[in-house]
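*Asks:* To start, I am sharing the structure in question, which I have written as structure tokens.
The values are calculated or read from the model by the stated rules, or taken from the named source; none is laboratory data. Model, not experiment: these values are computed from the prediction. Side chains are part of the model used for accessible areas, which takes the heavy atoms of the whole protein and leaves out ligands, DNA and RNA. Shrake-Rupley method; radii C 1.70, N 1.55, O 1.52, S 1.80 Å.
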Amino acid sequence: MEDFEFDPVKVKVWGGFACFTRPDMKVERVSYQVMTPSAARGILSSIFWKPEFDWVIQKIHVLNPIRHISIRRNEVKSKISPGSVKQWMKNKDHDHYYADKDRTQRNTLALRDVSYIIEANVKLKEHAKNEHPAKYRDQFRRRVNNGSCYKRPFLGNREFAAFFAPVDGSETAIDYTDQLGRMLFDLNYNIDDERAKPVFFNAEINNGVLNVPVEKYKEVWRNK
């Protein structure tokens, strides 16, 4: 991974609840202690995305103390196929479908009252090498200043909506240092197998800042 010529863009995100689910928990949903790089990338892509570049997450600052909350939620186990819905509409005669007949209750160990600063940079793709990364960084900043987004960003789960705003310089990361263990970095979709391959890293938070090993993106973008 090459060094970046420009300073990273920064955006503050926060919300009442968050759940960055650990993939090693098979049944119940248990959140990592902090936002994962893949979740941060998803938030930035919700605000601004173009096929000419990829987001490279560099740092995640934790602004609020890490607090957990246990929630029991109803989750639908399956969904109706679009073909069935079209057939019902065409025939105007169908059996009623009740979602509560096909649901399950799950416990979720989520985070509450979260706030982060995401630092990231732009890596141009091969077909856009003649473009300048500052072009996209400036567009991102304008969208953050205007509160614009392509879709509402969320904090791990779609029902946990995220708010975002420019960084004003008064924010301070929490005084917390710890080894967080094996954390999901991102998913590699650029493989022959139809299923995405998860990429992990050993996460460590120092004085409230999660430093993301950007060299791991080589594994995520291996076949690009």
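*Asks:* Give the carbon-plus-sulfur fraction of the accessible surface of the chain in %, rounded to a whole number; probe 1.4 Å, heavy atoms of protein chains only.
*Replies:* The computed percentage sits at 46.
*Asks:* In Å², and per residue, what accessible area does the chain have when probed at 1.4 Å with the other protein chains present?
*Replies:* I get 60 Å² per residue for the chain.
*Asks:* For the range 108-167, build the convex hull from the C-alpha positions and give me its volume per residue in Å³.
*Replies:* It comes to 125 Å³ per residue, whole-number rounded.
*Asks:* Another question, then. Counting only pairs 8 or more places apart or on different chains, how many lysine pairs in the range 1-68 have C-alpha atoms closer than 27 Å?
*Replies:* Lysine pairs, 8 or more places apart or on different chains, close enough: 5.
*Asks:* Output wanted: per-residue J couplings in Hz (rounded whole) for the range 115-124, from phi through Karplus 6.51 cos²θ - 1.76 cosθ + 1.60, θ = phi - 60°, x for Gly and Pro.
*Replies:* 7, 9, 10, 9, 10, 8, 10, 9, 10, 5
*Asks:* Kirkwood Rh over alpha-carbon pairs of the chain, then Stokes-Einstein at 4 °C and 1.567 mPa s: what D in µm² s⁻¹, rounded to an integer?
*Replies:* Answer, rounded: 67 µm²/s.
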